[in-house]
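Got a structure here, written out as structure tokens. Questions coming.
Read the figures in this text as sums done on the coordinates, not as results from a lab. This one's a predicted model, so the numbers in the text were calculated from it and none came from an experiment.
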């Protein structure tokens with residue numbers, strides 16, 4: 001359910017966290033968020049209900065889920081991995097914290113991988129199955145959530161907040177055409193987080209040569225005054 005909210009209601013949901021959950025396999029292909037969504041995934045490698053490595057037609061593997069959100073959020077491909085202190089040596093688990101860096105728009109992607117953990121809530125007082133007691137999922141989720149907020153501007157109070165640069169054609173090929181209403185700082189990154197364009201554009205129409213860009217998805221972030229927007233485009 002958390003991932004459905006991230007896919008469909010990301011204009012109202014600031015961030016999501018999933019414990020022992022996943023995306024349905026088809027959802028990985030059909031989910032098209034309008035922005036970078038902060039995501040935390042907590043999962044045990046020995047989960048017998050929602051398999052860490054996925055179940056055909058039922059649940060996507062956690063590595064595939066992480067790859068989807070890494071690309072959607074424009075984070076670096078390889079996470080920083082740190083060991084969670086093994087403060088309880090009798091719970092039959094160890095844990096790792098994966099942090100994907102340089103995500104767009106201040107978003108984050110974090111994964112707690114519970115080695116040996118089952119379909120359980122880390123830190124729960126009542127342990128049913130193999131449960132990590134090395135960290136508390138509720139505490140980590142709150143620390144994660146409190147970093148983010150989402151503003152839903154009133155079209156009456158501030159009608160320009162939702163204005164985005166017009167990008168065409170979509171998808172594009174050798175040239176990307178962009179129209180901006182005011183001086184706009186623009187940065188474009190590929191799915192590996194590499195910047196292919198960064199420049200302030202004056203109000204008007206612009207053509208960006210893209211012959212040397214690889215085909216695939218690109219993330220366009222724009223800032224005009226206090227207004228920041230992001231969108232995704234495809235090169236074919």
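Compute the distribution of all C-alpha to C-alpha distances in the stretch 1-65, in bins of 5 Å from 0, and list the percent of pairs in each, rounded to whole numbers.
Reading upward from the zero bin: 4, 19, 29, 25, 15, 7, 1.
Another question about this same structure. In whole percent, what relative contact order does the stretch 41-114 give with Cα contacts below 8 Å and a gap of six or more residues?
33 percent
If contacts are Cα pairs under 8 angstrom and at least 6 residues apart, what is the relative contact order of the stretch 2-145 in percent?
With pairs under 8 Å counted, the relative contact order is 24 percent.
Another question, then. Write down, largest first, the equivalent ellipsoid semi-axes of the stretch 78-122 in whole Å, where each equals the square root of 5 times an eigenvalue of the alpha-carbon gyration tensor.
25, 11, 7
Please compute the contact order of the stretch 82-236 in relative form: average sequence separation of alpha-carbon pairs under 8 Å and at least six residues apart, divided by the residue count, as a percent.
Relative contact order of the stretch 82-236: 16 percent.
If you don't mind, there's one more thing I want to ask. Can you grab the distance from the C-alpha centre of the stretch 87-121 to the C-alpha centre of the stretch 1-76, Å, no decimals?
14 Å
Bins of 5 Å, beginning at zero and ending with the bin holding the largest distance: percent of Cα pairs per bin for the stretch 2-145, please.
The distribution over the stretch 2-145 is 2, 11, 20, 23, 21, 14, 7, 2, 0, given as percents.
Pairing the Cα long axis of helix 62-73 with the longest principal axis of the chain, what angle in degrees results, from 0 to 90 and rounded to the nearest 10?
So the helix axis and the longest Cα principal axis differ by about 30 degrees.
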